[in-house]
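Here's the structure we're looking at; comments come further down.
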Amino acid sequence: MKKCVLILSIFIHFNANAQEQSSGYCGPKDDNGNFGINCEWKYDHESKTLIISGQGAMFNTSNMYAHPWSKDTSFYKDIENIVIENGITNIGSHAFYIATNLKNIKMPDTLTQIGWNVFGGTQLTSYNIPSSVTYIGGSSTYPVFTKNTTEVYCSEAQRKMCEEALSWSGLSIDVLKSYKKDGNEYYYNGRWYKTVNDIGTENYIVKRIYTIEEANLVAKKTNTVSIKYR
């Protein structure tokens, strides 16, 4: 009988841990070190999706391994998608850094701040920054974007912020300042081109930033990162 009780206790213990590893809270910690209940998270193993919901800010930390879905879970390297639902206002620093297989993220229109080093270790290449965001943290040591970034969508009002965030990631930027159409020819960087596609034939080392109008015309290059302004 004692053996059966022991086995049952072990089963309950492991089952409880499995539940804890798949969902929980992710708000700023209280004085006792508990995550705030204003922010909740859950992980769907089948779709490999981390879902974050609630109201207000996520937990913010200088430790990239301190988030609840971090290294102490069995799935942190499996996360491919992240959905942050409306109501969340801040993404804490280092929040998704160790989600090394992350490929897609959806950010809400309620978001106002993105912390340091949030996406640095992931496989993300494209970002759609909500117009509500007024702060992107970072430095050359802790950049917010990955080095393989190819697209960043920002509003015109966020231009300076987005350009600085890309420069922290070691992505040099060449702002497309002069572009106009005259008959059937296009003018770019002091040269005339017969077609828009011809503009993309040169092997530019630097990255290019586009307004949304220019992005609709200029062909994408695999070796460039473009900021597309709404």
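For the stretch 109-124, the set of residues classified as in contact with a strand residue (DSSP E or B) (Cβ under 7 Å, 6 or more places away or on another chain) and within 19 Å of residue 151 (Cβ to Cβ) consists of 111, 114, 118, 124, listed by residue number. Residue check: residue 139 meets all listed conditions (1) surrounded by fewer than 21 Cβ atoms within 10 Å (Cβ to Cβ); (2) not in a loop (DSSP other than H, G, I, E, B) but one, namely (2). Looking at this structure, is residue 117 more than 12 Å from residue 58 (Cβ to Cβ), in a loop (DSSP other than H, G, I, E, B) and modelled with pLDDT of 95 or more? So residue 117 fails the test. Among the residues of the stretch 126-136, the ones that are part of a loop (DSSP other than H, G, I, E, B) and within 17 Å of residue 81 (Cα to Cα) come to 1 in all.
Scanning the stretch 52-80 for residues that are closer than 23 Å to residue 112 by Cα and either in contact with an Asp or Glu (Cβ under 7 Å, 6 or more places away or on another chain) or small (Gly, Ala, Ser) (or both) returns 52, 53, 54, 56, 57, 62, 66.
Take the conditions (1) assigned to a loop (DSSP other than H, G, I, E, B); (2) at pLDDT below 55; residue 180 misses just one of them, which is (1).
Inside the stretch 12-30, residues that are over 27 Å from residue 108 (Cα atoms) and either at pLDDT 95 or above or among the aliphatic types (A, V, I, L, M) (or both) make up a count of 3. Considering each residue of the stretch 79-89 in turn, at least one proves to be of a type in the set (D, E, K, R), within 19 Å of residue 125 (Cα to Cα) and part of a loop (DSSP other than H, G, I, E, B).
The single residue among 99, 95 that is touching an Asp or Glu at 6+ places or on another chain (Cβ under 9 Å) and either closer than 22 Å to residue 54 by Cβ or surrounded by 22 or more Cβ atoms within 10 Å (Cβ to Cβ) (or both) turns out to be 99. Is it true that residue 61 is closer than 17 Å to residue 135 by Cα and touching a Lys or Arg at 6+ places or on another chain (Cβ under 9 Å)? It is true that residue 61 is closer than 17 Å to residue 135 by Cα and touching a Lys or Arg at 6+ places or on another chain (Cβ under 9 Å). Out of all the residues in the stretch 64-82, is one or more in contact with a Phe, Trp or Tyr (Cβ under 7 Å, 6 or more places away or on another chain), surrounded by fewer than 22 Cβ atoms within 10 Å (Cβ to Cβ), closer than 15 Å to residue 28 by Cβ and in contact (Cβ under 8 Å) with a residue 12 or more places away in the chain? Yes, some residue in the stretch 64-82 is in contact with a Phe, Trp or Tyr (Cβ under 7 Å, 6 or more places away or on another chain), surrounded by fewer than 22 Cβ atoms within 10 Å (Cβ to Cβ), closer than 15 Å to residue 28 by Cβ and in contact (Cβ under 8 Å) with a residue 12 or more places away in the chain. Confirm whether residue 122 is touching a Ser or Thr at 6+ places or on another chain (Cβ under 8 Å) and in a loop (DSSP other than H, G, I, E, B). When the stated conditions are applied, residue 122 passes them.
The values are calculated or read from the model by the stated rules, or taken from the named source; none is laboratory data. This structure is a prediction, so every number in the text was calculated from the model and none was measured. Using ideal geometry, Cβ is built from the backbone for each residue, glycine included, and neighbour counts are taken over all protein chains shown.
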